[in-house]
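Let me begin by presenting the structure, written as structure tokens, before commenting on it.
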Amino acid sequence: MIKLDSKIPEGAMADKWKNYIDHAKLVNPSNKRKLDIIVVGTGLAGASAAASLAEMGYEVKIFCYQDSPRRAHSIAAQGGINAAKNYPNDGDSVYRLFYDTVKGGDDRAREANVYRLAEVSNNIIDQCVAQGIPFAREYGGLLDNRSFGGAQVSRTFYARGQTGQQLLLGAYSALSRQIKKGKVTLYNRRDMLDVVKIDGRARGIITRNLVTGEIERHAAHAVVLATGGYGNVFYLSTNAMGSNVSPAWKAYKAGAAFANPCYMQIHPTCIPVHGDFQSKLTLMSESLRNDGRIWVPKKKEDAEAIKAGKLKPTQIKEEDRDYYLERRYPAFGNLVPRDVASRAAKERVDAGHGVGPTGIAVYLDFEEAIGRLGKSVVEARYGNLFQMYEKIVDEDPYTTPMMIYPASHYTMGGLWVDYNLMTTVPGLYAIGEANFSDHGANRLGASALMQGLADGYFVLPYTIADYLADQIHVPRFTGKEPEFNDVEKNVNERIKKLMSINGKQSVDSFHKRLGHIMWEYVGMARNEEGLKKALEEIPKLREEFWKDVRIPGDTAEFNNELEKAGRVADFLELGELIARDALNRTESCGGHFREESQTPEGEAKRDDENFTYVAAWEYKGDGQEPELHKEHLTFEAIKLVQRNYK
Amino acid sequence: MDLTLKIWRQANAQAKGKMVEYKVTGVSPDSSFFEMLDVLNQDLIEKGEDPVAFDHDCREGICGTCSLYINGRAHGPDSGVTTCQLHMRKFKDGDTIFIEPWRAKAFPIVKDLIVNRGAFDSIIQAGGYISVNTGGVPDANAIPIPKVNADAAMDAAACIGCGACVATCKNASAMLFVAAKVSQFANLPQGKIEAKRRVQNMVAEMDALGFGNCSNTYACEQECPKEISVSNIAKMNREFLSAKLCADVKDI
């Protein structure tokens, strides 16, 4: 039976983190080298945590499924990273970043965690500049900023359209330095297949070497999961092909509560789907909304003509264009938060105003920006994004408006963690996108990079010491303990079972079908009937998977189909939990929109009286209903009010 | 589109490989090169054959995982793109397409079209960083950096570590990869302090790993999906020479 204790420190909001640091337990340098820490994942959170922990003196083992830690999906983040530096002198502060993040999350985040995030945001920028990250600069040599959705200040630092890449390469270089020093051991091309507990505490993991197929044991005093989000449950998403929920799912099955799985972010500016063979959706950075204007034709017949290829968007007169975000939300215009922008696009498309060959797209237009700023300025700001668009769609966005449509992008839900970032399993931590804590029901742009690096550089190194201080007398684990035997046996049996099915359908075909169910019934707008339908369909599909999936090849070799099968098997379980959580939450909030709960104007309507809580689900065994635990959210610094971007 | 594919198949690092012919039909010109290979693999799986193993992940041209040598060119016929950004509209109906892995001594084959690029990680570990620990650093705006230098650093830093430069070089040289990292830091004041040590260590590691010498053909710049300039190699050579001439570098 799980007991949720958020362990929020005493004191006023602005003093909590300071109080925590003042009183947290420490580990002295000679003891640190006797303590082992496993970090799974080498994205911003994992790489920054592993490097920082190794610098402090711990012995670290780090794991990734990719061929190199530099390839983790943080690398694909484009737009930027937020911080409360207030360099542009436009009224920003730690409090305002905290406020915007909680409000952007639709009052469903834990205040104390978000305040800490805003506090350490400035340290991140300092750290990154010291590492040699080439942020954009002004002619005077100082750092440049731009604005992002959900904020009225310019607080976003960026490195062209490749901010995630540059920040990740910074963390990767710090990690590489520690690998060279022998303080971090790197295990690449490894899938984490389970977590091992000894006397209730996380003490290791079981991995599969993806090249040789060998099953391996790794032991440590603590385990940190930095394994990212689960957006690939939709099959088509902006996530990398290999991004998966499996490590977090194994943690859930080992006793870690899974929080708010239904909070998923559908990003408004992605390149639309073009065919059945499609494998992936490409994001166009939200930064484009700084200068691009979103519109659809006012008249349905114009939309029809465009769809039929008889009319070009440039032929539609200004007065016949509906800039629907500017019309509906004059205060924020094209810079409303992502969930609001996504739903507004769906609303227009559903009403028959969509454009493009499929009719499932809206325009993002730079004509006005090019007129105002000149082509060269637009090119300097967004050149690489325009090039990417042109390569995929074969149209020139400088002369014809881009087509965009929302797609699954980020997951706010994840493993439940307390203020220490520890899950409900002692010694098991979750950082970055893998946890649930900072973004509430919706994440603002440029906040994912901030959270990943905050957790890894500046939060976990403090909070993990508080746990490890009590562990200094615990001798190193060897992996020969009987608990490792048991878990390894289960892992081997599952692989054997998957290989023995020898059915007719490929892993991808199941993944696609799951994606269809999720997008149809658990997507941008949800209702009771659809969610119940999903709860019927997903278990049926899962059953079919375990009877009819075909995995060619052998276990003791490089076998990509086997890797994917394990991941899809877990997605088939997760999908059900997402639907269950979405069904339970009858209010609309952030990325979770229940059709039953909206205002007469079609805006999301929250139900603070009944749902101001974190839904944390406890695994009760296969075939059993999970148990819901509630962490009630209290708001001290911010007043609970409905969001308003009008 | 109907296509004939000739693909390098090799079961593992030790096995002997060979080119194998496959046919794919009904490929949409709007699909990406990998979506075409997905269609082939789906077909092979249904027939009970082993699908073709290839490296890929983000499928949007930034992670650097994909690495196919297509019709004798790294990342195929288009310029300024990775394999995952290559679209079938660059080919014609009825084409025969040759698909091979990167070929370089320092990149041994893992399976089929997948190679081990761990050598690139080793080069970065030898010095591709600024030696600062987490915390205790100055304010981000404490050192103004001229925009031109920051932009030049960013141009070099855009490298995705895919290895196309090595694959396309007749000497399998890693000079462009190493130069990009050396040049990024050489353009920034933060990187100057360790510049000499960095360039010597990285070059020594590159040589030890079996990469060849620069061929001076500029093929690397041609095939680089991020269009990293060979002028970075000149900058690295200057850095390297000045480090060599400088007597005070003992700690390398």
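For the range B:134-148, give me each residue that is open to solvent by less than 20 Å² (accessible area, probe 1.4 Å) and not small (G, A, S).
B:I145
Select from the range A:546-591 the residues that are open to solvent by 10 Å² or more (accessible area, probe 1.4 Å) and of a type in the set (K, R) and write down the one among them that is farthest from the other protein chains (Cβ to nearest Cβ).
A:R580
Determine whether A:E483 is buried (at least 24 other Cβ atoms within 10 Å of the Cβ), touching a residue at least 60 places away in the same chain (Cβ under 8 Å) and not in a loop (DSSP other than H, G, I, E, B).
no
Return the residue satisfying two criteria in turn: it lies in the range A:264-292 and is in contact with a His (Cβ under 7 Å, 6 or more places away or on another chain) and open to solvent by 10 Å² or more (accessible area, probe 1.4 Å), and of such residues it is nearest to the other protein chains (Cβ to nearest Cβ).
A:L283
Can you name the number of the only condition in (1) in a loop (DSSP other than H, G, I, E, B); (2) assigned by TED's automatic domain parsing to the domain that holds A:E576; (3) free of Cβ contacts under 8 Å to residues at least 12 places away in the same chain that A:D554 fails?
Single failed check for A:D554: (3).
Applying the selection to the range A:389-441, what residues are assigned to a loop (DSSP other than H, G, I, E, B) and in contact with a Gly (Cβ under 7 Å, 6 or more places away or on another chain)?
Within the range A:389-441, A:M412, A:T424, A:V425, A:P426, A:I431, A:F436, A:H439, A:G440, A:A441 qualify.
Just the residues that are under 23 Å from B:D95 (Cβ atoms), among the acidic types (D, E) and not in a loop (DSSP other than H, G, I, E, B), please, taken from the range B:9-57.
Scanning the range B:9-57 gives B:E21, B:E35, B:D38, B:D43.
Yes/no matrix, rows are residues, columns are (1) assigned by TED's automatic domain parsing to the domain that holds A:H592; (2) open to solvent by 10 Å² or more (accessible area, probe 1.4 Å); (3) small (G, A, S):
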residue: A:R70; (1), (2), (3): no, yes, no
residue: A:I81; (1), (2), (3): no, no, no
residue: A:K85; (1), (2), (3): no, yes, no
residue: A:S93; (1), (2), (3): no, yes, yes
residue: A:D100; (1), (2), (3): no, yes, no
residue: A:A118; (1), (2), (3): no, no, yes
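What is the number of the single condition among (1) more than 9 Å from chain B (Cβ to nearest Cβ); (2) in contact with a helix residue (DSSP H, G or I) (Cβ under 7 Å, 6 or more places away or on another chain); (3) closer than 17 Å to A:T42 by Cβ that A:T185 does not meet?
A:T185 satisfies all of (1) more than 9 Å from chain B (Cβ to nearest Cβ); (2) in contact with a helix residue (DSSP H, G or I) (Cβ under 7 Å, 6 or more places away or on another chain); (3) closer than 17 Å to A:T42 by Cβ except (2).
Would you check which residues across the range A:523-541 are of a type in the set (A, V, I, L, M, F, W, C) and at pLDDT 95 or above and list them?
Selection gives A:L531, A:A534, A:L535, A:I538, A:L541.
Could you look through the range B:1-36, keep only residues that are in contact (Cβ under 8 Å) with a residue 60 or more places away in the chain and under 24 Å from A:R71 (Cα atoms), and pick out the one that is nearest to the other protein chains (Cβ to nearest Cβ)?
B:N12
Which ones in the range A:513-544 are of a type in the set (D, E, K, R), surrounded by 15 or more Cβ atoms within 10 Å (Cβ to Cβ) and touching a residue at least 24 places away in the same chain (Cβ under 8 Å)?
Selection gives A:R513, A:R526, A:R542, A:E544.
Quick one: is A:Q166 open to solvent by 10 Å² or more (accessible area, probe 1.4 Å) and among the polar types (S, T, N, Q)?
For A:Q166, the condition - open to solvent by 10 Å² or more (accessible area, probe 1.4 Å) and among the polar types (S, T, N, Q) - is not met.
What is the number of the single condition among (1) within 21 Å of the chain's Cα centre (by Cα); (2) modelled with pLDDT of 95 or more; (3) not in a helix (DSSP H, G or I) that A:Q78 does not meet?
Condition not satisfied by A:Q78: (2).
Which of the residues belonging to the range A:166-177 are out of contact with any Gly (no Cβ under 9 Å at 6 or more places or on another chain) and more than 18 Å from A:D455 (Cβ to Cβ)?
Of everything in the range A:166-177, just one residue is out of contact with any Gly (no Cβ under 9 Å at 6 or more places or on another chain) and more than 18 Å from A:D455 (Cβ to Cβ), namely A:Q166.
When you go through (1) outside any loop (DSSP other than H, G, I, E, B); (2) within 9 Å of chain A (Cβ to nearest Cβ); (3) crowded, with 23+ Cβ neighbours inside 10 Å one by one for B:D151, which number turns out not to apply?
Just one mismatch for B:D151, condition (3).
Quick one: how many residues across the range A:25-59 are under 26 Å from A:Y115 (Cα atoms) and surrounded by fewer than 16 Cβ atoms within 10 Å (Cβ to Cβ)?
2
Output the number of residues of the range B:61-79 satisfying the condition of being open to solvent by 10 Å² or more (accessible area, probe 1.4 Å), in contact (Cβ under 8 Å) with a residue 24 or more places away in the chain and not aliphatic (A, V, I, L, M).
Of the residues in the range B:61-79, 5 are open to solvent by 10 Å² or more (accessible area, probe 1.4 Å), in contact (Cβ under 8 Å) with a residue 24 or more places away in the chain and not aliphatic (A, V, I, L, M).
Condition first: open to solvent by less than 40 Å² (accessible area, probe 1.4 Å) and charged (D, E, K, R). Now tell me which residues in the range A:608-646 satisfy that.
Passing the criteria: A:E618, A:E631.
Would you check if B:S131 is more than 7 Å from every other protein chain (Cβ to nearest Cβ), open to solvent by 30 Å² or more (accessible area, probe 1.4 Å) and of a type in the set (S, T, Y)?
In short, no.
Can you pull out the residues in the range A:122-160 that are within 9 Å of another protein chain (Cβ to nearest Cβ), more than 17 Å from A:Y382 (Cβ to Cβ) and not in a helix (DSSP H, G or I)?
A:Q131, A:G132, A:I133, A:P134, A:R137, A:E138, A:Y139, A:G140, A:G141, A:L142, A:L143
The values are calculated or read from the model by the stated rules, or taken from the named source; none is laboratory data. Keep in mind that this is a model prediction, so the values were computed, not measured. With ideal geometry, Cβ positions are generated from the backbone for all residues, glycine too; neighbour counts draw on all protein chains shown. When the accessible area is computed, the model is the full protein with side chains, heavy atoms only, and any ligands, DNA or RNA have been set aside. Shrake-Rupley method; radii C 1.70, N 1.55, O 1.52, S 1.80 Å.
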